[in-house]
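The values are calculated or read from the model by the stated rules, or taken from the named source; none is laboratory data. Quick caveat: nothing in here was measured; it's all calculated off a predicted structure. Heads up, the Cβs are rebuilt from the backbone with ideal geometry, glycines too, and the neighbour counts pull from every protein chain shown.
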Amino acid sequence: MTSERAASYWRANLRVMAILLTVWFFASFGLGIFWVEWLNQFSLGGFPLGFWFSQQGSIYIFVVLIFVYARWMDRIDAQFGVG
Amino acid sequence: MSILGWTYTLVGLTFGLYAFIAYMSRAKTTSGFYVAGRGVPAIANGMATGADWMSAASFISMAGLISFMGYTGTIYLMGWTGGYVLLALLLAPYLRKFGKFTVPEFVGDRYESQVARIVAVVCAIFVSFTYVAGQMRGVGVVFARFLEVRVETGVIIGVVIVFFYAVVGGMRGITYTQVAQYVVLIFAFMIPAIAISMDLTGHMIPQVGFGAEIVEGPNAGRFLLETLDEVQRDLGFPEYTAAWVGGKKSMVDVFAITLALMVGTAGLPHVLVRFYTVKNARAARWSALWALGFIAILYTTAPAVATFARVNMIQALEGTAYDEAPAWFTSWEKTGLIGFEDKNGDGIIAYRGDPALNELKVEPDIMVLANPEIANLPNWVIGLVAAGGLAAALSTAAGLLLVISSSVSHDLMKSVIWKDMDDASELRIARIAAAFAVIAAGVVGIYPPAYVAQVVAFAFGLAAASFFPVLVLGIFSLRTTKEGAIAGMLTGIVITASYIVYFKFFAAESSADVWLFGISPEGIGSVGMVLNFLVAIGVSSFTPPPSTEVRALVERIRLPGEA
């Protein structure tokens, strides 16, 4: 692989990471900690919403994030022929 | 069959299974001993990582702690799962592509420095040994409570079994026993949780149940959490689901602790090394998904168990006459985990938020261990919980022992002291080191130093403040130099360690009033981590850039593909 192509593979990888880590930060620290009180005025069934995000929702989001990452990177790997 | 009969049967059967698996998959080469020959399928590695990661603390203590903390229990739930996102995106695929055997090895090679390698080895050994001592103690405690033997005898049985499969089996043996241990521990955790959820709310899925309505009793038809909040208020406790209210941790502290636990998780050597065992970088990514998926089953159930246990405990005891207390209360009273002191002399148990009026003392560990009895589940479930607690403790202990042994045999002996050592000698030294480590851990388990509980904060704080930044910079920055990495690691370690040591051992007072920015010793690892990054980047900009070989190494690990 040429060094230009390797560099553009790396840029594509960094973009995926930046997007997913931003979601990670908002899902955990944002919804679960910073805005928990405000979110608690809403409810999801018997859960105050902020409490639900902090003890359930955030964990589901983490799993989905890694799934999206593994799928997305598989596609990029195939596109660059490095898999 | 009696509880004791079931416990002996289930513990005996599971131990026999682990020993059989370890023997069948024993390691014959250093590659087999350190990284299971790199042939572990992603899903099996995910399960093994789950068992490796979920320790006696996750299985026995966590739900109980959350039960008393309510919302604040989030620090463990998010802290011990969110780190896997960092691990998957920032570390696992690249460390796998790097290949080789250990985490200090990456630090030593990437920064071309024996000093950096030795600093990393010392951290790896310290973090792992702290942890393993706690696991052996956990093994002893489960034996003592459920099999009615002395704690010492329990620890010795644990040492023998771990000795057998870690020393003989190496990473290959450990991996496949951990797969079996995951299955045992998840069944042991889920069966009582499902039974109690059905009983309280009629829902089979505990994750749904704790947000549903109560089915029986005076509060039938009302939401479980709403009722619990009200009961807590009436008894003078802060509301269960509320965040920054009376006596709960502050926002800045919850943030700092959660971040430190997340980053610490991603920097723990026994977790990182699991990703060296899969086939390639792609398998490492999928393996991280399986790992977190398997971990999430327990971690999303734990807060439900915490809520159910809290409701059941208050309902069973508050306002009950001591003479009429349920049988489990009397049997657990003997262990000292629960106790009643009749302050007003009326013979009735009063559970209150106000310490002057409260008459009931409850240790968090009882919540998971006594849960099946509180909910009147059959005897075999109680035996299963004992087997599950042991599976959690033993699987984590084995993974940690392997890190200690490979740090000694590979990173110290092979890389620093005796460079032309052959494969057979290295394997022998690895086994001897593992044997010493397991015996030392057993001794610490039998004679626990008073500070075992306190040093746990160290393990995460140090992993966060030492490894994580230099690993991430080593992969994502070509410019980070060995001087930068060493200065960064030392800054992170010194700041974190001295803050923890000061507040745990010397300070007259340890509270939000005197802490730096209101951050407790448990959360200071996140400050150490940030300083490590800043110092490493700063020092790197003043020192000559890394060699072309290092550039080539970094560019190689950034591309996936076969190792």
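At least 2 residues being more than 13 Å from chain A (Cβ to nearest Cβ) and surrounded by fewer than 17 Cβ atoms within 10 Å (Cβ to Cβ) is the threshold, and among the helices (runs of 4 or more DSSP H) wholly inside the stretch B:138-253 those reaching it are B:151-162, B:170-201, B:224-235. Flag: B:PHE294 matches the condition of being under 20 Å from the mean Cα position of the chain (by Cα) and over 23 Å from B:GLU522 (Cβ atoms). Scanning the stretch B:286-336 for residues that are crowded, with 20+ Cβ neighbours inside 10 Å and over 22 Å from B:MET69 (Cβ atoms) yields B:TRP286, B:SER287, B:ALA288, B:LEU289, B:TRP290, B:ALA291, B:LEU292, B:PHE294, B:PHE329. For B:ILE66, are the conditions met, namely being farther than 22 Å from B:ALA281 by Cβ and within 14 Å of chain A (Cβ to nearest Cβ)? In short, yes.
One residue stands out in the stretch A:48-60 among those that are crowded, with 21+ Cβ neighbours inside 10 Å and in contact with a Ser or Thr (Cβ under 8 Å, 6 or more places away or on another chain): the one that is nearest to B:TRP290 (Cα to Cα), namely A:ILE59.
Matching residues to (1) touching a helix residue (DSSP H, G or I) at 6+ places or on another chain (Cβ under 6 Å); (2) at pLDDT 90 or above; (3) over 23 Å from B:PHE189 (Cβ atoms); (4) in a helix (DSSP H, G or I):
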| site | (1), (2), (3), (4) |
| --- | --- |
| B:MET262 | yes, yes, no, yes |
| B:HIS270 | yes, no, no, yes |
| B:ARG285 | yes, yes, yes, yes |
| B:ALA291 | yes, yes, no, yes |
| B:ALA306 | yes, yes, no, yes |
| B:TRP328 | yes, no, no, yes |
| B:SER331 | no, no, no, yes |
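Of the helices (runs of 4 or more DSSP H) entirely within the stretch B:466-563, those holding at least 1 residues that are within 14 Å of chain A (Cβ to nearest Cβ) and crowded, with 18+ Cβ neighbours inside 10 Å occupy B:468-476, B:524-542, B:548-558.
Which of the numbered conditions does B:ILE493 fail, given that it passes all the others? Conditions: (1) modelled with pLDDT under 85; (2) over 26 Å from A:LEU14 (Cα atoms). Among (1) modelled with pLDDT under 85; (2) over 26 Å from A:LEU14 (Cα atoms), the lone unmet condition for B:ILE493 is (1).
Among helices (runs of 4 or more DSSP H) entirely within the stretch A:5-83, having at least 3 residues that are at the interface with another protein chain (Cβ under 9 Å from one of its Cβ atoms) singles out A:49-52, A:58-80. Among the conditions (1) in a helix (DSSP H, G or I); (2) within 24 Å of the chain's Cα centre (by Cα), B:ASP323 misses just one, which is (2). One residue alone among B:ALA350, B:ALA397, B:ALA393 is more than 21 Å from B:TYR18 (Cβ to Cβ) and either not charged (D, E, K, R) or not in a helix (DSSP H, G or I) (or both), and that residue is B:ALA350.
Somewhere in the stretch B:219-229, is a residue in contact (Cβ under 8 Å) with a residue 40 or more places away in the chain and more than 22 Å from A:PHE42 (Cβ to Cβ)? Checking the stretch B:219-229: not a single residue is in contact (Cβ under 8 Å) with a residue 40 or more places away in the chain and more than 22 Å from A:PHE42 (Cβ to Cβ).
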